[in-house]
Amino acid sequence: MSDDRIQLEPSWKARVGDWLQRPEMQALSEFLRGELRKGKIIYPPPKRIFAALDATPFDRVKVVVLGQDPYHGPNQAHGLCFSVLPGVATPPSLANIFAEIERDLHIPRPDHGCLLPWARQGVLLLNATLTVQAHQAGSHQGKGWEGFTDAVVDHLNRDREGLVFLLWGSYAQAKGKLIDTRRHLVLKAPHPSPLSAYRGFIGCGHFSRANAYLREHGQTEIDWRLPSASEVPLD
């Protein structure tokens, strides 16, 4: 991947920018260009591939939520895991996240699914794979993104202290091997998908537990409430 075409947020570029020059990332870049030449639709749009890093600079991260793939339906993925832009119907997994926040913190469910206000407070909403082919879940797994997102998690683990990692589902939990639980809080639960949410995601209490940990470590809590759709700043 060429640095002149990929613009990383400066604090992240200083830590993982070199990774983009690795052979596996060059191969990933060629793969993506080849897919586009074949007329395949890829989500999210190119300018939003690194939106999670843009929205939450390295030194502002407090909580890390690890997703799997971007959404693969039209107009859904915009670079933040589990999030959709205002006006897009809330996907089932995100609806279950809101249900657990309501149960855990008595916060009413919002009228939209844009999680950018969380990201701006320090919640890094990172997918393990940053692109996907339209209507093909998992289609870009094993193409090179995992090494890059491993590097993101590794830097957070080594260079920061007192972070909260929310690992929902086995795919996210696999990245747990990169995290020193003596320096950070790691909370695990089943994925919020309708297929698994009621095996322990609903009732996990991760949102109140994350805030309690932040409070104990002298940090500002996350306000898990979302403003109304008309009040969400998108720039």
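The values are calculated or read from the model by the stated rules, or taken from the named source; none is laboratory data. Because the structure is a prediction, the values reported are computed rather than measured. Because the Cβ atoms are built from the backbone with ideal geometry, glycine has one as well, and the counts that use them run over all protein chains shown. Quick note on the areas: whole protein, heavy atoms, side chains included, nothing else; ligands and nucleic acids left out. Shrake-Rupley method; radii C 1.70, N 1.55, O 1.52, S 1.80 Å.
List every residue pair whose Cβ atoms sit under 6 Å apart, with the two residues 6 or more apart in sequence or on different chains, where the first one lies in region 214-234 and is open to solvent by 70 Å² or more (accessible area, probe 1.4 Å) and the second, anywhere, is part of a loop (DSSP other than H, G, I, E, B).
Arg215/Glu221; His217/Gly162; Arg225/Ile107
Matching residues to (1) surrounded by 18 or more Cβ atoms within 10 Å (Cβ to Cβ); (2) β-branched (Val, Ile, Thr):
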{"residue": "Phe58", "(1), (2)": "yes, no"}
{"residue": "Gln68", "(1), (2)": "yes, no"}
{"residue": "Phe82", "(1), (2)": "yes, no"}
{"residue": "Val88", "(1), (2)": "yes, yes"}
{"residue": "Ala95", "(1), (2)": "no, no"}
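Out of all the residues in region 57-99, which are part of a helix (DSSP H, G or I) and farther than 15 Å from Pro117 by Cβ? Steps first, answer last, please.
First pass over region 57-99, keeping only residues part of a helix (DSSP H, G or I): 58-60, 92-99.
Matches in region 57-99: Phe58, Asp59, Pro92, Ser93, Ala95, Asn96, Ala99.
Just for region 1-31: of the residues that are in a helix (DSSP H, G or I) and open to solvent by less than 20 Å² (accessible area, probe 1.4 Å), which one is farthest from Ala151 (Cα to Cα)?
Quick first cut of region 1-31, residues in a helix (DSSP H, G or I) only: 10-21, 23-31.
Still in the list and also open to solvent by less than 20 Å² (accessible area, probe 1.4 Å): 12, 16-17, 20, 25, 28-29.
On the way: Trp12: 11, Val16: 7, Gly17: 10, Leu20: 11, Met25: 12, Leu28: 16, Ser29: 17 Å.
Taking the candidates together, the pick is Ser29.
Residue by residue, here is whether (1) acidic (Asp, Glu); (2) modelled with pLDDT of 95 or more; (3) out of contact with any Pro (no Cβ under 9 Å at 6 or more places or on another chain) holds:
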| residue | (1), (2), (3) |
| --- | --- |
| Ile97 | no, yes, no |
| Leu126 | no, yes, yes |
| Leu130 | no, yes, no |
| Asp159 | yes, yes, yes |
| Phe165 | no, yes, yes |
| Lys175 | no, no, yes |
| Ile179 | no, yes, yes |
| Arg182 | no, yes, yes |
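Report yes if some residue within region 121-140 is touching a Leu at 6+ places or on another chain (Cβ under 7 Å) and open to solvent by 10 Å² or more (accessible area, probe 1.4 Å); otherwise report no. Break it down stepwise before answering.
We begin by selecting, within region 121-140, every residue touching a Leu at 6+ places or on another chain (Cβ under 7 Å); these are 125-126, 128, 131.
Restricting the remaining residues to those that are open to solvent by 10 Å² or more (accessible area, probe 1.4 Å) gives none.
For region 121-140, residues touching a Leu at 6+ places or on another chain (Cβ under 7 Å) and open to solvent by 10 Å² or more (accessible area, probe 1.4 Å): absent.
Restricting the search to region 128-186, which residues are hydroxyl-bearing (Ser, Thr, Tyr) and outside any helix (DSSP H, G or I)? Lay out the reasoning, then the answer.
Kept after step one, since they are hydroxyl-bearing (Ser, Thr, Tyr), are these residues of region 128-186: 129, 131, 139, 149, 170-171, 181.
Result: Thr129, Thr131, Ser139, Thr181.
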